[in-house]
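The values are calculated or read from the model by the stated rules, or taken from the named source; none is laboratory data. As the structure is a prediction and not an experimental result, all values here were calculated from the model. So basically every Cβ, Gly included, is an ideal-geometry build from the backbone, and we count neighbours across all protein chains shown. Accessible surface areas use protein heavy atoms only, side chains included; no ligands, DNA or RNA. Shrake-Rupley method; radii C 1.70, N 1.55, O 1.52, S 1.80 Å.
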Amino acid sequence: MKIDRIPDTKQQWFKEAKYGLFIHWGLYSLLAGEYKGKKTDHISEWIMNSLGIPVEEYEKLAEQFNPDHFDADELVRRAKEDWGMKYIVFTSKHHEGFAMYHSQISTYNVVDATPCHRDIVKELADACRKYGIKFGLYYSQAQDWHDPNGYVSHAMKTEEQLQDDNTKKDFQSYLDNKVKPQLREILTQYGEICLIWFDTPMGMTKEQSQECIDLVKSIQPNCIISGRIGNQLGDYMTTGDNFIPRLPYEGDWEVPATMNDTWGYNKDDHNWKDADSIIRLLVKINSRGGNYLLNIGPKGNGEIPQESIEILDKVGKYVTENSEGIFATEKMDIYPYELDGVEFTCKKNRLYVHVFKPMKRLEILNCANHVDRAYLLRDGRDVSCVSEISCEGDPCVSIEFPRDMREQKNYCICLELEEEKPVFEPLRG
(Lines give C-alpha, C1' and ligand atoms only; values in the text may rest on other atoms or scores of the structure.)
Protein backbone atom coordinates (compact mmCIF):
# COMPACT_ATOMS: atom_id res chain seq x y z
CA MET A 1 0.00 0.00 0.00
CA LYS A 2 1.61 3.24 -1.18
CA ILE A 3 1.70 6.12 1.29
CA ASP A 4 3.18 9.60 1.06
CA ARG A 5 4.60 9.63 4.56
CA ILE A 6 5.11 7.07 7.32
CA PRO A 7 4.30 8.83 10.61
CA ASP A 8 6.30 7.79 13.64
CA THR A 9 5.58 9.03 17.16
CA LYS A 10 8.99 7.85 18.38
CA GLN A 11 7.09 7.08 21.59
CA GLN A 12 7.33 3.49 22.74
CA TRP A 13 4.29 3.76 24.99
CA PHE A 14 2.07 4.60 22.01
CA LYS A 15 3.49 1.77 19.92
CA GLU A 16 2.72 -0.70 22.71
CA ALA A 17 -0.59 0.76 23.98
CA LYS A 18 -2.95 -0.83 21.39
CA TYR A 19 -6.19 -0.02 23.26
CA GLY A 20 -7.47 3.27 24.64
CA LEU A 21 -10.65 4.99 25.82
CA PHE A 22 -12.15 7.99 24.03
CA ILE A 23 -14.65 10.10 26.01
CA HIS A 24 -16.99 12.45 24.12
CA TRP A 25 -18.82 14.65 26.60
CA GLY A 26 -20.16 18.18 26.41
CA LEU A 27 -23.35 20.23 26.45
CA TYR A 28 -24.72 18.12 23.58
CA SER A 29 -25.13 15.25 26.04
CA LEU A 30 -28.03 17.13 27.64
CA LEU A 31 -29.97 17.12 24.37
CA ALA A 32 -29.26 13.40 23.84
CA GLY A 33 -29.97 13.68 20.12
CA GLU A 34 -33.18 15.76 20.24
CA TYR A 35 -33.93 19.51 20.25
CA LYS A 36 -37.45 20.94 20.64
CA GLY A 37 -39.02 17.69 19.53
CA LYS A 38 -36.80 17.25 16.48
CA LYS A 39 -34.36 14.35 16.45
CA THR A 40 -31.05 14.55 14.67
CA ASP A 41 -30.29 12.04 11.94
CA HIS A 42 -26.58 12.64 12.45
CA ILE A 43 -24.08 12.03 15.22
CA SER A 44 -25.45 13.65 18.36
CA GLU A 45 -22.44 15.80 19.30
CA TRP A 46 -23.03 17.66 16.01
CA ILE A 47 -26.64 18.54 16.89
CA MET A 48 -25.96 22.27 17.17
CA ASN A 49 -24.66 22.25 13.61
CA SER A 50 -26.98 19.72 12.02
CA LEU A 51 -30.21 21.22 13.42
CA GLY A 52 -29.02 24.83 13.10
CA ILE A 53 -29.45 25.71 16.78
CA PRO A 54 -28.63 29.42 17.28
CA VAL A 55 -25.67 30.23 19.52
CA GLU A 56 -27.80 32.18 21.99
CA GLU A 57 -30.16 29.21 22.37
CA TYR A 58 -27.45 26.58 22.63
CA GLU A 59 -25.56 28.60 25.27
CA LYS A 60 -28.50 28.16 27.66
CA LEU A 61 -27.69 24.47 27.96
CA ALA A 62 -24.77 25.40 30.20
CA GLU A 63 -27.24 26.57 32.86
CA GLN A 64 -28.57 22.98 33.05
CA PHE A 65 -25.23 21.16 33.13
CA ASN A 66 -24.85 19.66 36.62
CA PRO A 67 -23.48 16.11 36.21
CA ASP A 68 -23.81 14.77 39.75
CA HIS A 69 -23.45 11.17 38.49
CA PHE A 70 -19.99 11.68 37.00
CA ASP A 71 -17.17 10.03 38.93
CA ALA A 72 -13.80 10.52 37.23
CA ASP A 73 -11.97 8.30 39.72
CA GLU A 74 -14.30 5.35 39.18
CA LEU A 75 -14.30 5.77 35.41
CA VAL A 76 -10.51 5.83 35.18
CA ARG A 77 -10.24 2.90 37.60
CA ARG A 78 -12.58 0.86 35.39
CA ALA A 79 -10.67 1.80 32.25
CA LYS A 80 -7.39 0.67 33.78
CA GLU A 81 -8.35 -2.31 35.94
CA ASP A 82 -11.54 -3.72 34.42
CA TRP A 83 -11.25 -2.81 30.74
CA GLY A 84 -7.47 -3.12 30.30
CA MET A 85 -7.00 0.20 28.50
CA LYS A 86 -3.65 1.96 28.38
CA TYR A 87 -4.65 5.57 27.67
CA ILE A 88 -7.60 7.94 27.82
CA VAL A 89 -8.47 10.83 25.49
CA PHE A 90 -11.09 13.35 26.68
CA THR A 91 -12.85 16.15 24.77
CA SER A 92 -11.53 19.35 26.37
CA LYS A 93 -13.36 21.39 23.71
CA HIS A 94 -15.47 19.95 20.92
CA HIS A 95 -16.89 21.79 17.90
CA GLU A 96 -19.63 23.33 20.04
CA GLY A 97 -16.92 25.60 21.48
CA PHE A 98 -17.62 24.81 25.14
CA ALA A 99 -14.56 24.14 27.31
CA MET A 100 -14.84 21.20 29.72
CA TYR A 101 -12.17 22.76 31.93
CA HIS A 102 -11.63 26.11 33.68
CA SER A 103 -10.51 28.35 30.84
CA GLN A 104 -9.42 31.91 31.52
CA ILE A 105 -9.74 32.72 27.82
CA SER A 106 -13.49 32.19 27.60
CA THR A 107 -16.11 32.11 30.36
CA TYR A 108 -18.00 29.64 28.16
CA ASN A 109 -16.61 26.79 30.23
CA VAL A 110 -17.75 24.13 32.67
CA VAL A 111 -16.59 26.00 35.78
CA ASP A 112 -17.84 29.52 35.06
CA ALA A 113 -20.98 28.88 32.99
CA THR A 114 -22.59 25.92 34.78
CA PRO A 115 -24.05 25.27 38.24
CA CYS A 116 -21.62 22.40 38.83
CA HIS A 117 -18.46 24.59 38.84
CA ARG A 118 -16.32 21.46 38.34
CA ASP A 119 -13.17 21.26 36.24
CA ILE A 120 -13.75 17.93 34.50
CA VAL A 121 -10.33 17.85 32.83
CA LYS A 122 -8.66 18.30 36.22
CA GLU A 123 -10.70 15.50 37.76
CA LEU A 124 -9.72 13.13 34.98
CA ALA A 125 -6.08 14.22 34.97
CA ASP A 126 -5.84 13.60 38.72
CA ALA A 127 -7.45 10.17 38.39
CA CYS A 128 -5.14 9.18 35.53
CA ARG A 129 -2.10 10.07 37.61
CA LYS A 130 -3.51 8.07 40.52
CA TYR A 131 -4.01 4.93 38.46
CA GLY A 132 -0.97 5.29 36.22
CA ILE A 133 -2.75 5.60 32.89
CA LYS A 134 -1.76 7.99 30.10
CA PHE A 135 -4.01 11.06 29.70
CA GLY A 136 -4.63 12.85 26.41
CA LEU A 137 -6.96 15.65 25.36
CA TYR A 138 -9.11 16.18 22.30
CA TYR A 139 -9.21 19.79 21.11
CA SER A 140 -11.20 21.07 18.13
CA GLN A 141 -8.75 23.50 16.56
CA ALA A 142 -10.63 24.53 13.43
CA GLN A 143 -14.37 24.12 13.96
CA ASP A 144 -15.94 26.25 16.67
CA TRP A 145 -19.63 26.98 16.22
CA HIS A 146 -19.69 29.37 19.18
CA ASP A 147 -16.87 31.64 18.01
CA PRO A 148 -17.78 33.92 15.08
CA ASN A 149 -14.40 33.25 13.43
CA GLY A 150 -14.33 29.50 13.97
CA TYR A 151 -15.02 27.27 10.99
CA VAL A 152 -18.44 25.70 10.49
CA SER A 153 -18.93 22.48 8.53
CA HIS A 154 -21.61 22.45 5.84
CA ALA A 155 -21.57 18.66 5.56
CA MET A 156 -24.67 18.21 7.71
CA LYS A 157 -26.49 21.42 6.80
CA THR A 158 -29.66 21.88 4.81
CA GLU A 159 -29.78 24.46 2.02
CA GLU A 160 -31.70 26.82 4.31
CA GLN A 161 -28.95 26.60 6.93
CA LEU A 162 -26.03 27.39 4.62
CA GLN A 163 -25.60 30.94 5.84
CA ASP A 164 -22.14 30.70 7.40
CA ASP A 165 -19.48 31.48 4.81
CA ASN A 166 -16.10 30.35 6.15
CA THR A 167 -14.26 32.47 3.57
CA LYS A 168 -15.49 35.62 5.32
CA LYS A 169 -14.15 34.63 8.73
CA ASP A 170 -10.91 35.85 10.26
CA PHE A 171 -9.72 32.38 11.11
CA GLN A 172 -6.21 33.52 12.01
CA SER A 173 -7.68 35.80 14.66
CA TYR A 174 -9.60 32.84 16.13
CA LEU A 175 -6.42 30.75 16.04
CA ASP A 176 -4.35 33.42 17.76
CA ASN A 177 -6.91 34.58 20.32
CA LYS A 178 -8.69 31.38 21.32
CA VAL A 179 -7.01 28.23 20.06
CA LYS A 180 -3.41 28.95 20.99
CA PRO A 181 -4.22 30.44 24.42
CA GLN A 182 -6.48 27.48 25.26
CA LEU A 183 -3.88 25.00 24.09
CA ARG A 184 -1.41 26.72 26.36
CA GLU A 185 -3.89 26.38 29.24
CA ILE A 186 -4.52 22.66 28.86
CA LEU A 187 -0.80 21.97 28.40
CA THR A 188 0.30 23.91 31.49
CA GLN A 189 -2.46 23.31 34.05
CA TYR A 190 -2.91 19.52 34.14
CA GLY A 191 0.50 17.90 34.23
CA GLU A 192 1.76 15.58 31.51
CA ILE A 193 -0.54 15.32 28.50
CA CYS A 194 0.39 12.30 26.40
CA LEU A 195 -1.27 13.55 23.21
CA ILE A 196 -3.42 16.29 21.74
CA TRP A 197 -6.16 14.82 19.57
CA PHE A 198 -6.82 17.55 17.02
CA ASP A 199 -9.80 17.13 14.69
CA THR A 200 -11.35 18.32 11.40
CA PRO A 201 -8.63 20.71 10.10
CA MET A 202 -10.93 21.91 7.29
CA GLY A 203 -9.35 24.97 5.63
CA MET A 204 -6.27 25.26 7.83
CA THR A 205 -3.11 26.00 5.89
CA LYS A 206 0.07 24.03 6.40
CA GLU A 207 1.51 27.03 8.20
CA GLN A 208 -1.46 27.23 10.59
CA SER A 209 -1.23 23.52 11.38
CA GLN A 210 2.47 23.97 12.06
CA GLU A 211 1.78 26.90 14.38
CA CYS A 212 -0.32 24.62 16.60
CA ILE A 213 2.31 21.88 16.52
CA ASP A 214 5.11 24.29 17.41
CA LEU A 215 3.14 25.61 20.37
CA VAL A 216 2.39 22.14 21.72
CA LYS A 217 5.99 20.96 21.35
CA SER A 218 7.38 24.13 22.92
CA ILE A 219 5.44 23.39 26.11
CA GLN A 220 5.44 19.58 26.18
CA PRO A 221 7.97 18.19 23.66
CA ASN A 222 6.86 14.59 24.23
CA CYS A 223 3.18 15.31 23.62
CA ILE A 224 2.02 13.46 20.51
CA ILE A 225 0.03 15.24 17.79
CA SER A 226 -2.84 13.40 16.09
CA GLY A 227 -3.03 13.13 12.31
CA ARG A 228 -6.06 15.42 12.22
CA ILE A 229 -3.94 18.48 12.82
CA GLY A 230 -4.05 18.41 9.04
CA ASN A 231 -1.67 18.77 6.11
CA GLN A 232 -0.03 15.40 6.91
CA LEU A 233 1.89 16.94 9.80
CA GLY A 234 0.72 14.72 12.66
CA ASP A 235 2.93 12.33 14.62
CA TYR A 236 0.66 9.42 13.75
CA MET A 237 -2.04 8.58 11.26
CA THR A 238 -5.64 8.89 12.40
CA THR A 239 -7.95 6.80 10.21
CA GLY A 240 -11.52 7.73 9.36
CA ASP A 241 -14.01 7.14 12.16
CA ASN A 242 -14.61 3.38 12.46
CA PHE A 243 -12.50 2.75 9.33
CA ILE A 244 -9.92 -0.04 9.52
CA PRO A 245 -7.13 -0.28 6.93
CA ARG A 246 -7.57 -3.46 4.90
CA LEU A 247 -3.84 -4.23 4.93
CA PRO A 248 -1.12 -4.09 7.59
CA TYR A 249 0.19 -0.55 7.81
CA GLU A 250 3.67 0.66 8.63
CA GLY A 251 4.28 3.44 11.13
CA ASP A 252 2.04 4.54 14.00
CA TRP A 253 -1.71 4.77 13.52
CA GLU A 254 -4.99 4.64 15.38
CA VAL A 255 -8.63 3.83 14.66
CA PRO A 256 -11.12 6.06 16.54
CA ALA A 257 -14.32 4.06 16.95
CA THR A 258 -17.77 4.00 18.49
CA MET A 259 -19.71 1.23 20.21
CA ASN A 260 -22.95 2.33 18.53
CA ASP A 261 -23.50 4.92 15.78
CA THR A 262 -22.66 8.13 17.61
CA TRP A 263 -19.98 9.65 19.83
CA GLY A 264 -21.92 11.91 22.17
CA TYR A 265 -24.83 10.37 24.06
CA ASN A 266 -28.01 9.77 22.06
CA LYS A 267 -30.95 8.27 23.93
CA ASP A 268 -32.36 6.75 20.73
CA ASP A 269 -29.20 5.08 19.45
CA HIS A 270 -29.48 1.43 20.49
CA ASN A 271 -27.39 0.00 17.66
CA TRP A 272 -24.74 -1.36 19.99
CA LYS A 273 -21.98 -3.61 18.72
CA ASP A 274 -21.75 -6.79 20.75
CA ALA A 275 -18.65 -7.56 22.78
CA ASP A 276 -17.60 -10.38 20.44
CA SER A 277 -17.49 -7.96 17.51
CA ILE A 278 -15.44 -5.41 19.44
CA ILE A 279 -12.95 -8.05 20.60
CA ARG A 280 -12.42 -9.13 17.02
CA LEU A 281 -12.07 -5.53 15.81
CA LEU A 282 -9.48 -4.85 18.50
CA VAL A 283 -7.37 -7.86 17.52
CA LYS A 284 -7.75 -7.14 13.81
CA ILE A 285 -6.52 -3.57 14.28
CA ASN A 286 -3.63 -4.73 16.48
CA SER A 287 -2.72 -7.41 13.93
CA ARG A 288 -2.42 -4.76 11.22
CA GLY A 289 -0.21 -2.58 13.43
CA GLY A 290 -2.65 -0.06 14.88
CA ASN A 291 -4.26 1.15 18.11
CA TYR A 292 -7.99 0.99 18.87
CA LEU A 293 -9.42 4.13 20.55
CA LEU A 294 -12.92 3.11 21.63
CA ASN A 295 -15.47 5.74 22.65
CA ILE A 296 -18.02 6.17 25.39
CA GLY A 297 -20.50 9.07 25.57
CA PRO A 298 -21.63 9.92 29.11
CA LYS A 299 -25.19 11.16 29.65
CA GLY A 300 -25.91 14.74 30.60
CA ASN A 301 -25.89 13.80 34.29
CA GLY A 302 -22.48 12.16 33.90
CA GLU A 303 -23.72 8.58 34.04
CA ILE A 304 -22.03 6.12 31.68
CA PRO A 305 -24.64 4.23 29.62
CA GLN A 306 -25.12 0.76 31.09
CA GLU A 307 -24.83 -0.80 27.65
CA SER A 308 -21.33 0.64 27.30
CA ILE A 309 -20.28 -0.73 30.67
CA GLU A 310 -21.61 -4.21 29.97
CA ILE A 311 -19.84 -4.36 26.61
CA LEU A 312 -16.55 -3.03 27.97
CA ASP A 313 -16.64 -5.42 30.92
CA LYS A 314 -16.88 -8.39 28.55
CA VAL A 315 -14.18 -7.05 26.24
CA GLY A 316 -12.04 -6.27 29.28
CA LYS A 317 -12.19 -9.89 30.42
CA TYR A 318 -10.72 -10.99 27.09
CA VAL A 319 -8.11 -8.24 27.14
CA THR A 320 -7.03 -9.07 30.69
CA GLU A 321 -6.83 -12.82 30.08
CA ASN A 322 -4.94 -12.40 26.81
CA SER A 323 -2.98 -9.20 27.38
CA GLU A 324 0.29 -10.76 26.19
CA GLY A 325 -1.28 -11.34 22.78
CA ILE A 326 -2.55 -7.74 22.50
CA PHE A 327 -0.19 -5.19 24.04
CA ALA A 328 3.23 -4.48 22.52
CA THR A 329 2.45 -6.79 19.60
CA GLU A 330 3.89 -6.08 16.17
CA LYS A 331 2.44 -5.60 12.71
CA MET A 332 1.72 -8.98 11.11
CA ASP A 333 2.73 -9.93 7.61
CA ILE A 334 -0.23 -10.82 5.41
CA TYR A 335 -1.45 -14.37 5.88
CA PRO A 336 -2.47 -15.67 2.41
CA TYR A 337 -5.74 -17.31 3.46
CA GLU A 338 -8.91 -16.04 5.11
CA LEU A 339 -9.46 -18.04 8.31
CA ASP A 340 -13.02 -17.90 9.60
CA GLY A 341 -13.12 -17.04 13.30
CA VAL A 342 -9.36 -16.52 13.68
CA GLU A 343 -7.02 -13.51 13.86
CA PHE A 344 -3.27 -13.42 14.47
CA THR A 345 -0.98 -11.13 16.43
CA CYS A 346 2.73 -11.59 17.01
CA LYS A 347 5.86 -10.71 18.96
CA LYS A 348 9.43 -11.90 18.64
CA ASN A 349 9.35 -15.75 18.56
CA ARG A 350 5.61 -15.71 19.31
CA LEU A 351 2.52 -16.17 17.14
CA TYR A 352 -0.77 -15.56 18.93
CA VAL A 353 -3.81 -17.34 17.52
CA HIS A 354 -7.02 -15.59 18.64
CA VAL A 355 -9.99 -17.95 18.31
CA PHE A 356 -13.45 -16.36 18.11
CA LYS A 357 -15.69 -19.34 17.33
CA PRO A 358 -15.98 -22.94 18.55
CA MET A 359 -13.72 -25.34 16.67
CA LYS A 360 -12.19 -28.78 17.16
CA ARG A 361 -9.08 -28.35 15.06
CA LEU A 362 -7.27 -25.53 13.29
CA GLU A 363 -4.93 -25.85 10.34
CA ILE A 364 -2.72 -22.86 9.56
CA LEU A 365 -1.87 -23.79 6.00
CA ASN A 366 1.27 -22.27 4.42
CA CYS A 367 2.71 -21.48 7.84
CA ALA A 368 6.31 -22.73 7.66
CA ASN A 369 7.28 -22.12 11.29
CA HIS A 370 8.60 -24.71 13.70
CA VAL A 371 6.53 -24.62 16.88
CA ASP A 372 8.35 -25.44 20.13
CA ARG A 373 5.29 -25.18 22.35
CA ALA A 374 1.59 -24.25 22.17
CA TYR A 375 -0.45 -23.21 25.16
CA LEU A 376 -3.59 -21.38 26.22
CA LEU A 377 -2.71 -17.82 27.26
CA ARG A 378 -5.32 -17.46 29.97
CA ASP A 379 -4.07 -20.38 32.11
CA GLY A 380 -0.89 -21.73 30.50
CA ARG A 381 -2.38 -25.11 29.65
CA ASP A 382 -0.51 -26.95 26.88
CA VAL A 383 -2.32 -27.55 23.60
CA SER A 384 -1.44 -30.22 21.03
CA CYS A 385 0.30 -28.67 18.00
CA VAL A 386 2.45 -30.09 15.20
CA SER A 387 4.34 -28.60 12.27
CA GLU A 388 3.86 -30.82 9.21
CA ILE A 389 3.60 -30.99 5.44
CA SER A 390 0.16 -31.32 3.87
CA CYS A 391 -0.72 -33.94 1.26
CA GLU A 392 -0.28 -31.23 -1.37
CA GLY A 393 3.23 -30.49 -0.15
CA ASP A 394 2.52 -27.24 1.69
CA PRO A 395 3.78 -26.47 5.20
CA CYS A 396 1.09 -26.49 7.85
CA VAL A 397 0.76 -25.91 11.58
CA SER A 398 -2.06 -28.02 13.03
CA ILE A 399 -3.62 -27.36 16.42
CA GLU A 400 -5.86 -29.88 18.19
CA PHE A 401 -8.11 -28.29 20.80
CA PRO A 402 -8.88 -30.13 24.05
CA ARG A 403 -12.40 -31.60 24.18
CA ASP A 404 -13.55 -29.25 26.92
CA MET A 405 -12.63 -26.24 24.75
CA ARG A 406 -14.29 -27.28 21.50
CA GLU A 407 -17.54 -25.47 22.25
CA GLN A 408 -15.82 -22.38 23.60
CA LYS A 409 -14.96 -19.11 21.84
CA ASN A 410 -12.87 -16.01 22.56
CA TYR A 411 -9.56 -17.36 23.73
CA CYS A 412 -5.96 -17.15 22.54
CA ILE A 413 -3.31 -19.80 21.86
CA CYS A 414 0.36 -18.81 22.04
CA LEU A 415 2.71 -20.60 19.64
CA GLU A 416 6.35 -20.37 20.68
CA LEU A 417 8.37 -20.33 17.46
CA GLU A 418 11.93 -21.29 16.63
CA GLU A 419 11.93 -18.45 14.13
CA GLU A 420 11.82 -14.79 15.15
CA LYS A 421 8.77 -14.01 13.00
CA PRO A 422 5.84 -15.91 11.50
CA VAL A 423 6.79 -17.45 8.15
CA PHE A 424 3.87 -17.45 5.72
CA GLU A 425 4.61 -18.93 2.34
CA PRO A 426 2.78 -17.61 -0.73
CA LEU A 427 0.09 -19.64 -2.44
CA ARG A 428 1.18 -21.77 -5.38
CA GLY A 429 -0.63 -23.50 -8.19
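Odds and ends about this structure:
- Inter-part distance where segment 357-417 and segment 89-160 are each reduced to a Cα centre, Å: 48
- Candidate lysines for bridging to residue 169, where Cα separation is under 27 Å - those fewer than 8 sequence places away on the same chain excluded: 60, 93, 157, 178, 180, 206
- Segment 323-429: GluC sites (Glu not before Pro) in DSSP loop, at most 12 other beta carbons within 10 Å: 338, 392, 407, 418, 420
- Estimated distance in nm for a label pair at residue 207 and residue 243, the labels positioned 7 Å out from Cα along Cα-to-Cβ: 2.9
- Annotation for segment 201-301: trypsin sites (Lys or Arg not before Pro) lying in DSSP loop with at most 10 further Cβ atoms inside 10 Å of their Cβ are 246.
- Cβ-Cβ distance of residue 177 and residue 112, R₀ of 25 Å, FRET efficiency by 1/(1 + (r/R0)^6): the value works out to about 0.90.
- Counting only DSSP H runs of at least 4 residues, each contributing -39500 (n - 2.57), and dividing by the residue count of the chain, the helix-based mean residue ellipticity at 222 nm comes to -6000 deg cm²/dmol.
- Segment 195-293: GluC sites (Glu not before Pro) in DSSP loop, at most 16 other beta carbons within 10 Å: 250
- In this view, the solvent-accessible surface of residue 383, computed with a 1.4 Å probe and all protein chains in place, comes to about 10 Å².
- The charge dipole of the chain, taken about its Cα centre with unit charges on the Cβ of Lys, Arg, Asp and Glu (plus for the first two, minus for the last two), comes to roughly 540 debye.
- Computed from the C-beta positions of residue 389 and residue 310, the FRET efficiency with R₀ = 60 Å rounds to 0.85.
- Estimated FRET transfer efficiency when R0 is 51 angstrom, pair residue 64-residue 338 (beta carbons, to 0.05): 0.50
- Length released on extending from residue 16 to residue 357, taking residue separation times 0.36 nm less the Cα-Cα span: 120.1 nm
- Radius 10 Å from Cβ of residue 244, net charge of other residues (Lys, Arg +1; Asp, Glu -1): +3
- Computed over protein heavy atoms with a 1.4 Å probe, the accessible surface of segment 244-327 works out to 34 Å² per residue.
- Rg ratio (alpha-carbon, reference 2.2 N^0.38 Å) - segment 225-305: 1.21
- Hits among lysines - C-alpha to C-alpha of residue 409 under 21 Å, sequence gap 8 or more where chains match: 273, 284, 314, 317, 357, 360
- Residue 122 versus residue 82: modelled label distance in nm, points set 7 Å from Cα along the beta carbon direction: 2.7
- Just the protein heavy atoms count here, and of the accessible area of the chain at 1.4 Å, carbon and sulfur take up 46 percent.
- Cα gyration tensor category, rounded, prolate or oblate, for segment 288-429 with a/c compared to 1.5: prolate
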